[in-house]
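To start, the structure itself, in structure tokens.
Please treat every number below as a calculation from the coordinates, not as lab data. Since we're looking at a predicted model, the values are computed, not measured. Every residue, glycine among them, receives a Cβ derived from its backbone with ideal geometry; neighbour counts consider all protein chains shown.
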Amino acid sequence: MMKIAIDCRMLGTGGIGTYIAELVPYFLEKYTCLLIGEPEKIEAYRNNPNAELCPCTIPVFSVRELSAFPKSITKLINMYTIYYTPYCNIPSGIHIPVFSTIHDVVFLDVPGLASKTGTLVRKWFYKRAVKKSCVIFTVSKFSAERIQKTLRCRKPVVVTYSAVPSWLQDDDHLSVQKTKSVLFVGNIKKHKGLHILITAFRRALSEGLAAQLIIVGNADNFRTGDSTILKEIQEMPAESVQFTGRISDGELKTLYKNAGLLVQPSQYEGFGLPPLEALTLGTNALISDIPVFREIYAEYPVHFFKHDDSGDLAEKLKQCMVLPPLQNVPEIYSFRRTFSLIAAAISFYKI
């Protein structure tokens, strides 16, 4: 049985944490695995016969990771066949074949997301991952093309896609009373397109739309991140916009199921998971017609609007709010499939 060392230090840290949490059980079905991560986060795997736990509290993307990673850990890692990381951070001292996942290169493609120095640092990490990896995995053909072009990557880039996490699967199949709500799940960064949605929603309200916009997140983020958007929201009718604040996974699942419509106005994504999560739970999705969404959602019953066009989004909002809930949404992506593609590439390209 092949032995794989897996970087689990990002467990519990948002999207990448969910990604690796969903993949680890499949790795443990097929391989003997060294799980490297914070003690309390890898403890759940202690009783798995294929798991060896390696406690590690060295932060990702840190100086210690690059120059002073514990030799006791790298010695253990180098006893395994390969090393897999779910992102582009690779500790120093690893001498076995490396396989890594780069989800997107948004910080290089979208100006202004980071300072000039921050952008250069991120590019350095991306290029270092490309140099050290036998194979780069990514989550869409769009991201693969951008990785190859932006990073001048000549290594194999394998598209594995992403999927809906297991905790978000609909397990009760009970009918849900939909609310007149428009749901936004994302962050305030420019490429997520929230400013486009706010403008469109405000216009749709003035033209008779009876709905509430629910933004998953905290209004305080806008006070420090984008005061312009917050000012626009404050000028809208009272209670037309609601911030959820920090919520649990269960609360997010309920919001998805109860929403009348999920809107994803992104200008850039590597994959873009919220529409898939909404569709899985029977909620219609209205999304921008950016290339990656045309790729990922080509076979799904989604509705597109012209990206960057708040007028078109306002019209589509009014039309889509009256659509009936979805039934029998196809399951095209799954983490088992993602893992099978990773495993096949590891077997083929292993040095």
Check: the chain dipole with +1 on Lys, Arg Cβ and -1 on Asp, Glu Cβ, in debye
1580
Show log10 I(q)/I(0) for the chain at q = 0.14 Å⁻¹, two decimals, from a solvent-free Debye sum over equal Cα scatterers.
-1.19
As an exercise, find the ratio Rg/Rh for region 54-130 from alpha-carbon atoms, using the Kirkwood inverse-distance average for Rh.
1.01
How would you rank 255-267, 34-46, 16-28, highest first, on the average number of other Cβ atoms within 10 Å across their residues?
255-267, 16-28, 34-46
Most fluctuating residue of 316, 30, 132 in a GNM of the chain with Cα springs under 10 Å: which is it?
30
Putting +1 on Lys and Arg Cβ atoms and -1 on Asp and Glu Cβ atoms, find which of 10, 130, 33 reaches farthest to the positive end of the dipole of the chain.
130
In region 238-302, taking the dipole from +1 charges on Lys and Arg beta carbons and -1 charges on Asp and Glu beta carbons about the Cα centre, the listed residue (297, 279, 259) farthest towards the positive end is 259
Taking a label point 7 Å from the Cα of residue 109 along the Cα→Cβ vector, which residues of region 284-304 have an amide N closer than 18 Å to it?
287-298
Can you give me the Rg/Rh ratio for region 85-153, using Cα atoms for both radii and the Kirkwood formula for Rh?
0.96
Would you calculate, for the chain, the mean residue ellipticity at 222 nm contributed by helices, counting each DSSP H stretch of 4 or more residues as -39,500 (n - 2.57) and dividing by all residues, to the nearest 500?
-11500 deg cm²/dmol
Using all Cα-Cα distances in region 1-107, what percent lands in each 5 angstrom bin from 0 up to the longest?
2, 12, 24, 28, 20, 9, 3, 0
So who's got an amide H within less than 5 Å of the one on residue 261, skipping anything under 5 residues away but keeping other chains? H placed 1.01 Å off N, in plane.
181, 183
What are the semi-axes of the equivalent ellipsoid for region 224-345, taken as the square roots of 5 times the Cα gyration tensor eigenvalues, largest first, in whole Å?
27, 17, 17
Note down the Stokes-Einstein diffusion coefficient of region 1-64 in µm²/s, whole number, using a Kirkwood radius over alpha carbon pairs, 20 °C, and 1.002 mPa s.
180
For a distance above 15 Å, tell me the whole-number percent of Cα pairs in region 250-299 that qualify.
41
Amide H of residue 266 versus every other amide H placed in the peptide plane: which residues, excluding those fewer than 5 positions away on the same chain, fall under 5 Å?
288
